[in-house]
Amino acid sequence: MSEEKKPVLETRGLGISFGGLHAVSDFNISICSGELVGLIGPNGAGKTTVFNLLTGVYVPTEGTVLLDGVPLNGKKVHQFVAAGVARTFQNIRLFDDMTVIENVKVAFTKDIKYGLLDAFFRTPRFWREEEAMTKKAMDLLAICGLEDKADVLASSLPYGQQRKLEIARALATDMKVLLLDEPAAGMNPTETAELLTCINTIRDAFGIAILLIEHDMSLVMNVCERIQVIDYGVTIASGLPEEIAQNPKVIAAYLGE
């Protein structure tokens with residue numbers, strides 16, 4: 001009998017209140033390495049609030065966030081990133097005046113081993129480190145189909161490619177968990193199809209846990225192994241895509257009933 005996999009990311013009774021209003025209540029989820037799980041719900045359901053709790057943007061008023069069994073409550077955003085939690089945002093947040101490869105390399109900052117003097121005098125150590133970071137960045141861009149755009153400004157990329165660049169930069173943090181906040185928002189069908197292929201490639205290549213937020217239920221059905229549905233900050237359903245598609249509570253929530 002095979003040993004049950006332990007979750008990489010887990011929450012227990014997670015919740016947050018703003019001025020007495022419960023935005024998220026008793027949220028429980030667990031994701032293992034190599035899993036692609038969807039978090040869906042109608043507009044205003046609390047999906048982004050959950051992501052903000054899972055990345056240290058918000059401090060929960062109840063419950064716990066755990067990474068590899070270690071509680072992260074009270075940690076700062078950069079400490080979540082250092083621990084292995086990376087995310088993208090609904091609104092693209094790139095450094096527009098930097099090149100594509102520079103946008104990825106900036107995420108390697110915590111791994112830089114050379115000092116200020118090495119950088120100033122361009123020592124052999126500096127060049128070795130820079131060469132290694134450039135190679136790693138190019139490998140990540142290749143996974144996202146952006147290797148031929150490395151030296152162009154991020155602001156010059158089409159919308160769909162900017163989305164993929166955000167993902168490449170998140171991958172550069174050497175994460176254990178990747179949280180994607182509506183990555184297909186605003187994309188045309190061709191861009192969406194390319195993005196989903198990219199996400200599947202990342203999951204297979206890195207073996208990481210991926211949590212995908214989406215408003216479009218049909219999109220999540222095509223890519224996620226499991227789906228959790230929230231409405232008004234409360235989980236109303238959890239299961240396989242085919243189970244979610246036929247769940248009366250989910251259908252009612254999306255119809256606004």
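General remarks:
- Residue match in the stretch 174-189 (condition: among the polar types (S, T, N, Q) and in contact (Cβ under 8 Å) with a residue 60 or more places away in the chain): no
- When residues of the stretch 147-164 are limited to those that are more than 25 Å from Lys110 (Cβ to Cβ) and among the small types (Gly, Ala, Ser), the one least open to solvent (accessible area, probe 1.4 Å): Gly160
- Residue tally, condition open to solvent by 20 Å² or more (accessible area, probe 1.4 Å), in contact with a strand residue (DSSP E or B) (Cβ under 9 Å, 6 or more places away or on another chain) and of a type outside the set (A, V, I, L, M, F, W, C), over the stretch 14-26: 4
- Subset of the stretch 41-60 that is touching a Leu at 6+ places or on another chain (Cβ under 9 Å) and β-branched (Val, Ile, Thr) - its residue that is most open to solvent (accessible area, probe 1.4 Å): Val59
- Residues that are open to solvent by 60 Å² or more (accessible area, probe 1.4 Å), in a helix (DSSP H, G or I) and modelled with pLDDT of 90 or more, drawn from the stretch 93-113: Glu102
- Lone unmet requirement of (1) farther than 17 Å from Val85 by Cα; (2) in contact (Cβ under 8 Å) with a residue 60 or more places away in the chain; (3) not small (Gly, Ala, Ser) for Leu141: (2)
Listed here are the residues, each with its yes/no results for (1) assigned to a loop (DSSP other than H, G, I, E, B); (2) crowded, with 19+ Cβ neighbours inside 10 Å; (3) of a type in the set (A, V, I, L, M, F, W, C); (4) at positive phi.
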site	(1), (2), (3), (4)
Gly145	yes, no, no, yes
Glu166	no, yes, no, no
Gly186	yes, no, no, yes
Ala205	no, no, yes, no
Ile213	no, yes, yes, no
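- Residue match in the stretch 114-128 (condition: of a type in the set (Gly, Ala, Ser), touching a helix residue (DSSP H, G or I) at 6+ places or on another chain (Cβ under 6 Å) and surrounded by fewer than 22 Cβ atoms within 10 Å (Cβ to Cβ)): yes
- For the stretch 218-252, residues that are among the hydrophobic types (A, V, I, L, M, F, W, C), surrounded by fewer than 20 Cβ atoms within 10 Å (Cβ to Cβ) and part of a helix (DSSP H, G or I) total 4.
The values are calculated or read from the model by the stated rules, or taken from the named source; none is laboratory data. Everything numeric in this text was worked out from a predicted model, so none of it was measured. Using ideal geometry, Cβ is built from the backbone for each residue, glycine included, and neighbour counts are taken over all protein chains shown. Heads up: the accessible areas ignore ligands, DNA and RNA and are worked out on the full protein's heavy atoms, side chains in. Shrake-Rupley method; radii C 1.70, N 1.55, O 1.52, S 1.80 Å.
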